[in-house]
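The values are calculated or read from the model by the stated rules, or taken from the named source; none is laboratory data. Please read all numbers here as calculations on a predicted model, not as lab measurements. Here the Cβ positions follow ideal geometry from the backbone for every residue, glycine too, while neighbour counts run over all protein chains shown. Side chains included, ligands, DNA and RNA excluded: accessible areas come from the protein's heavy atoms. Shrake-Rupley method; radii C 1.70, N 1.55, O 1.52, S 1.80 Å.
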Amino acid sequence: MKAGIVVFPGTNCDRDTKLACEFFGWQADYIWHDESSLHDYDVIFLPGGFSYGDYVSAGGLAKFSPAVLALKEYVKSKRGFVIGICNGFQILCEAGLLPGALSVNSGTRFVCDLTGLSVNNTKFPGKINLPIAHGEGRYVAPENMMKDINELVFVKYTDNPNGSTDDIAGLYDRSNKILGMMPHPERAVFEETGNTDGRYFFELIEAELR
Amino acid sequence: MKLAELYRALNISDSEYEQIKSSLGREPNELEIYLFSAMWSEHCGYKHSRKYLARLPKEGSVCSEENAGGIQIGNHVIFFKVESHNHPSAIEPFQGAATGIGGIIRDVLAVGARPIALLDSLKFGKLTDHNVKHLFDGVIRGISFYGNCIGVPTVAGEVGFDDSYTDSPLVNVMAVGIVEKNKIKTSTSAPGNFIVLTGSHTGRDGIHGASFASKELSESSKEDRPSVQVGDPFMEKILIESTIEILEIPEVIGCQDCGAAGLLSSSSEMAFKGNSGMELHLDTVHLREEGMQPWEIMLSESQERMVFVVEHSGLEKVLNVVKKYDIPASVIGKTTDTGLYKLFWGEREIASVPPEMLAEGPKYDLDDSEPQYIKECQNLKFSHNNALSLETVIKKMISDPNFASKNWVYRQYDHTVGNRTSVKPGVAGAAGIWLFEEGGVLGLTIDSNGRQVFLDPYRGAENTVWESYRNLVSCGYTPLGITNCLNYGNPEKS
Amino acid sequence: MKYMVEVIVTLKDGIRDPQGAAISTVLKRTGIEEKAEISAGKFFTLAISAENQDAAKEKINTICEDVLINPILENYRIGRFDQV
């Protein structure tokens, strides 16, 4: 299993993500945002962080990177799986690869906490907990798109921490090949960090690609 | 402006000026006076405290003469340091706290360590005061803004509230970093090398544009130039990654960050430590503003800048890293064997002083006679109010913000980035960081007790050390090292 | 009387602008504009009531200075100022 982790100027969860991938025995390489060849990889991660400092808007400047433009080809060719975590989710929405947008938390402050989630997949337990850490995690979308979006929702908050519409914490695209989520599964893989519910997501990716 | 007016306006005493003249063997020129005014200031020169700080025990530490000290664990060294940023936070709490984080991070970065944790100790006045609320909110948001963006978790801290801090909040920030023992870089130099400056363009940040002296010498002064430093954590993150990569190049022999007194202090210190002369060409420094005077370039406290000493054969490798990260950089000079620290504008030499004069300023003794108030405090009598029920007393105590849960604070700090946080804020007396490089968990705590130190400096300080010790030991850690940040009033006031 | 006011807040001269710098970098990198000089600011629209234009101006200045700007870092200017 070969994972590619895109690194933008300002990305800060790349090393965390690599550590998590290696726990599952995957080979994990960093892909500098200027590169546009993604085809070697079975799964592409857009990790968390503050690409371009979140200046202008979170993910708003990163969407111009060659790696993001190459993602569109990668997905079209059905080469593999794409997962955007936190800032990665924001970039996917800004790039139009996922519907909707992430806006400032309703409390206007950054929130770092362990939060309860329900996942729309029988391989997951009824409720899991994952760390969240974001200032712009409130999922929004135009009213007229919500009906379609609701079919794509994969993860929901059980106790909405940021005002996301319909408690949406993560969703798939139509092709089921792109997943975007605000919580951090890579931060919940090791016993040492106290919570291993993140492993379910990595196992899911492995299953998808078998 | 006459030299005497200038040096006095810049807080150099008459006796210090005589020292300068005598060591130089001549009158200093205007630019040189600016250099001494910065390097011999309390802020940079620690002239009233160096003698005393030198008494602190250093056995067992790795690198006690660098920006940060370290302790060895297996093949790695953990560097840590705590610094204050009180005055800037009192003026502009958000940027003051943010740039405080930036500065302390660069202190561990400068030895080649990757920053892995932040802690903070904050003191404010009573929360019923409107301005105190503004300071409190600004500082928390500033630390959150900067620390979260650079991806270093804030894992522990303390917040205290007392009237004495109403106008002078204390913002003490601590950074912890990790580096392989054989990859440590120091702030040294050697003759015959290049000096490279990376990071933000240099502007007039931190320069007190309102001072009489600067109005005379600066060509373009429209409005009073604001002296507030503005932090850019995005630039800092790029600086962290590019610096760690640059320091892997063996031909890079020294590194220092630009902190207090910016380029002046970092470069002169490197010259001093390496026993080198130095030539800086100020017209080659990448600038943000036009018409900057040499003294402004030297004293600017523009954030997010690092200085490297690079062998000739390594320069291209360094510039390749610079290009990869698209980080602003310039080759600003070279080290020499003249033993003198020289500044140039083009071909013109504009300053020349021995680096040891800048780096080793005066050291003063403090008047350590016991102040009157201590005896008065010891003679205070307290009466017990037996009319209050135990329930009332307990409710009163736990409703004091000093005892309240600080969840509102640390919820705003990313405390899980880095995938190492084993024991989170609010759970125990000390935070725990997993050192996956070596196995095991590193315990971290920051403690203070202003009231005890006020009443009895010796015992108060002793108890503070004990408190830190207990916080670690009660969680199962073996204490390995200690650092401190001491916050006092102006030692030059009687 | 009701007044519609637009307020533009900008950074003071010499204050660093990381947002502007980041945008310039991206414009240069994508080839859209080599040397973009961008500064980021804020824009507010307010509807306020006051007895007359002078009173309205005074109120706006107070709102700007006390609430909308950080006087250490920012300046403001009034754009549109219409009685409605």
Taking Cα centroids, how far is the stretch A:1-56 from the stretch A:185-205 in Å? 17 Å
Binned at 10 Å from zero, the C-alpha pair distances of the stretch B:308-362 give percents of 18, 38, 31, 13, 0
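Quick check of the Kirkwood formula: for the stretch B:120-160, what is the inverse mean of 1/r over all pairs of different Cα atoms, in Å?
Values: mean 1/r = 0.0909 Å⁻¹.
One over the average 1/r among Cα pairs gives 11.0 Å for the stretch B:120-160.
If packing is taken as the average count of other Cβ atoms within 10 Å, what order do B:186-192, A:140-146, B:378-384, B:229-235 fall into, highest mean first? It would help to have the intermediate numbers written out before the result.
Details: B:186-192: 19.3, A:140-146: 12.0, B:378-384: 6.1, B:229-235: 26.1.
The most tightly packed comes first, giving B:229-235, B:186-192, A:140-146, B:378-384.
Hey, if we sort A:K63, A:K123 by accessible area with the 1.4 Å probe, largest down, what's the order? Write out the running numbers ahead of the final one.
Working: A:K63 60, A:K123 145 Å².
My answer, sorted largest first, is A:K123, A:K63.
For chain C, report the convex hull volume of the alpha-carbon atoms normalised per residue, in Å³, without decimals.
Details: hull volume 8.4 nm³, N = 84.
Considering the Cα atoms of chain C, their hull volume per residue is 101 Å³.
Which FRET efficiency value, to the nearest 0.05, do you get for A:N144 and A:S118 by plugging their Cβ-Cβ distance into 1/(1 + (r/R0)^6) with R0 = 22 Å? Each step should come with its number before you reach the end.
Numbers: r = 26 Å, r/R0 = 1.16.
Using R0 = 22 Å, I get an efficiency of 0.30.
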Once normalised by the length of chain C, the mean sequence separation of its alpha carbon contacts under 8 Å that are 6 or more apart gives a contact order in percent of 54 percent
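Sorting check: for B:327-336, B:46-55, which peptide has the highest mean count of neighbouring beta carbons within 10 Å, and how do the rest follow? The partial results should precede the final answer.
Values: B:327-336: 20.3, B:46-55: 13.1.
Ranked from most to least packed, the peptides come out as B:327-336, B:46-55.
Among rounded, prolate and oblate, which fits the stretch A:125-210 when a ≥ b ≥ c are the square roots of the eigenvalues of its C-alpha gyration tensor, a/c under 1.5 means rounded, and a/b larger than b/c means prolate? Please list the in-between numbers first.
Working: a/c = 2.37, a/b = 1.32, b/c = 1.79.
Since a/c reaches 1.5 but b/c is at least a/b, the shape of the stretch A:125-210 is classed as oblate.
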Accessible surface of the stretch A:2-209 [probe 1.4 Å, protein heavy atoms]: carbon and sulfur percent: 45 percent
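Take the residue pairs A:K76/B:K323; B:K183/B:K334; A:K76/C:K35; A:K18/B:K123; A:K156/B:K123 and return only those whose Cα atoms are more than 28 Å apart. Spell out each step's value before the answer.
Working: A:K76/B:K323 32 Å; B:K183/B:K334 24 Å; A:K76/C:K35 35 Å; A:K18/B:K123 38 Å; A:K156/B:K123 39 Å.
From the list (A:K76/B:K323; B:K183/B:K334; A:K76/C:K35; A:K18/B:K123; A:K156/B:K123), the Cα-Cα distance tops 28 Å for A:K76/B:K323; A:K76/C:K35; A:K18/B:K123; A:K156/B:K123.
Order of B:399-410, B:286-297 by packing, highest average Cβ count within 10 Å first?
Working: B:399-410: 13.6, B:286-297: 18.6.
The most tightly packed comes first, giving B:286-297, B:399-410.
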Binned at 10 Å from 0, what are the whole-percent values of the Cα-Cα distance distribution for chain B, short to long? 4, 18, 29, 27, 15, 5, 1, 0, 0
Loop sites only, by DSSP: take the GluC sites (Glu not before Pro) in chain C that have at most 14 other C-beta atoms within 10 Å and name the longest stretch containing none of them. C:52-84
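With the cut-off at 1.5 for a/c, could you classify the protein assembly as shown from its C-alpha gyration tensor as rounded, prolate or oblate? If you can, show how the numbers build up before the last one.
Values: a/c = 1.38, a/b = 1.29, b/c = 1.07.
Rounded shape, in that the Cα axes give a/c under 1.5.
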Determine the relative contact order of chain B: mean sequence separation of Cα pairs under 8 Å and six or more apart, normalised by residue count, in whole percent. 19 percent
Within straight cross-link reach of C:K28, meaning Cα distance under 19 Å, which aspartates and glutamates are found once same-chain residues fewer than 8 apart are removed? A:D34, A:E35, A:D54, B:D326, C:D17, C:E37
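In square angstrom, what is the accessible area per residue of the stretch A:2-209 with a 1.4 angstrom probe? Intermediate results must be reported in sequence, preceding the final value.
Values: 7480 Å² over 208 residues.
Spelled out: the 1.4 Å probe surface of the stretch A:2-209, per residue, equals 36 Å².
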Which distance in Å, rounded to a whole number, links the C-alpha centroids of the stretch B:416-494 and the stretch B:58-137? 12 Å
Relative contact order of the stretch A:2-209, pairs being alpha-carbon contacts under 8 Å that are 6 or more residues apart, as %: 19 percent
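Roll a 1.4 Å probe over the protein chains and send me the accessible area per residue for chain B in Å².
Here the per-residue accessible area is 45 Å².
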Run lengths n ≥ 4 of DSSP H only: what is the helix-derived mean residue ellipticity at 222 nm for the protein assembly as shown, with -39500 (n - 2.57) per run over all residues, to the nearest 500? -9000 deg cm²/dmol
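In a shell of Cβ-Cβ distance under 12 Å around A:K156, excluding A:K156 itself, what net charge do Lys and Arg (+1) and Asp and Glu (-1) give? All intermediate terms of the calculation are to be shown ahead of the outcome.
Numbers: positive: A:K127; negative: A:D159, A:D166, A:D167.
Result for the local shell: -2.
Rounded if a/c is under 1.5, else prolate if a/b is larger than b/c, else oblate: which is the stretch B:265-334, with a ≥ b ≥ c the root eigenvalues of its Cα gyration tensor? Working shown, then result.
Working: a/c = 1.87, a/b = 1.09, b/c = 1.71.
Oblate, because a/c is 1.5 or more while a/b does not exceed b/c.
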Given unit charges at Cβ for Lys, Arg (+) and Asp, Glu (-), the dipole magnitude of the protein assembly as shown about its Cα centre in debye, nearest 20, is 1440 debye
Taking each residue in B:425-436, count the Cβ atoms of any other chain within 10 Å of its Cβ, then average. What number comes out? 1
Give me the net charge of A:R174's neighbourhood, meaning all other residues with Cβ under 11 Å from the Cβ of A:R174; Lys, Arg count +1, Asp, Glu -1. -2
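Which translational diffusion coefficient, to the nearest whole µm²/s, is obtained for the stretch B:388-434 from the Stokes-Einstein equation, given a Kirkwood hydrodynamic radius over C-alpha pairs, 25 °C and 0.890 mPa s? The partial results should precede the final answer.
On the way: Rh = 12.8 Å.
Diffusion coefficient, whole number: 192 µm²/s.
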For the stretch A:23-109, which semi-axes, largest first and in whole Å, follow from the square roots of 5 times the eigenvalues of its Cα gyration tensor? 23, 14, 12
Just flag the chymotrypsin sites (Phe, Trp or Tyr not before Pro) in the stretch A:1-100 sitting in loop per DSSP whose Cβ has no more than 15 other Cβ atoms within 10 Å. A:F24
For chain A, state what percent of all Cα-Cα pairs lands in each successive 5 Å bin, counting from 0 Å until the bin that includes the largest distance. 1, 8, 17, 22, 23, 18, 9, 2, 0
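About its Cα centre, what dipole magnitude does chain A give when the only charges are +1 on Lys and Arg Cβ and -1 on Asp and Glu Cβ, stated in debye to the nearest 20? Please list the in-between numbers first.
Details: 19 positive and 27 negative charges, 76 e Å.
Using Cβ point charges on Lys, Arg, Asp and Glu, chain A gives about 360 debye.
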Whenever you get a sec, line up A:K78, B:K237, A:K2 from highest to lowest accessible area (probe 1.4 Å, protein heavy atoms). A:K78, A:K2, B:K237
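Per-residue mean of other chain beta-carbon atoms within 10 angstrom of the beta-carbon, peptide B:407-417?
Values: counts 1, 1, 0, 2, 8, 6, 3, 12, 4, 14, 12.
Average neighbour count from other chains, rounded to a whole number: 6.
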If the cut-off is a Cα-Cα distance under 17 Å, which aspartates and glutamates reach B:K126, setting aside same-chain residues fewer than 8 apart in sequence? B:D137, B:E158, B:D162, B:D163, B:D167, B:D400
Inside 10 Å of the C-beta atoms of B:236-243, what's the mean count of C-beta atoms belonging to other chains? 3
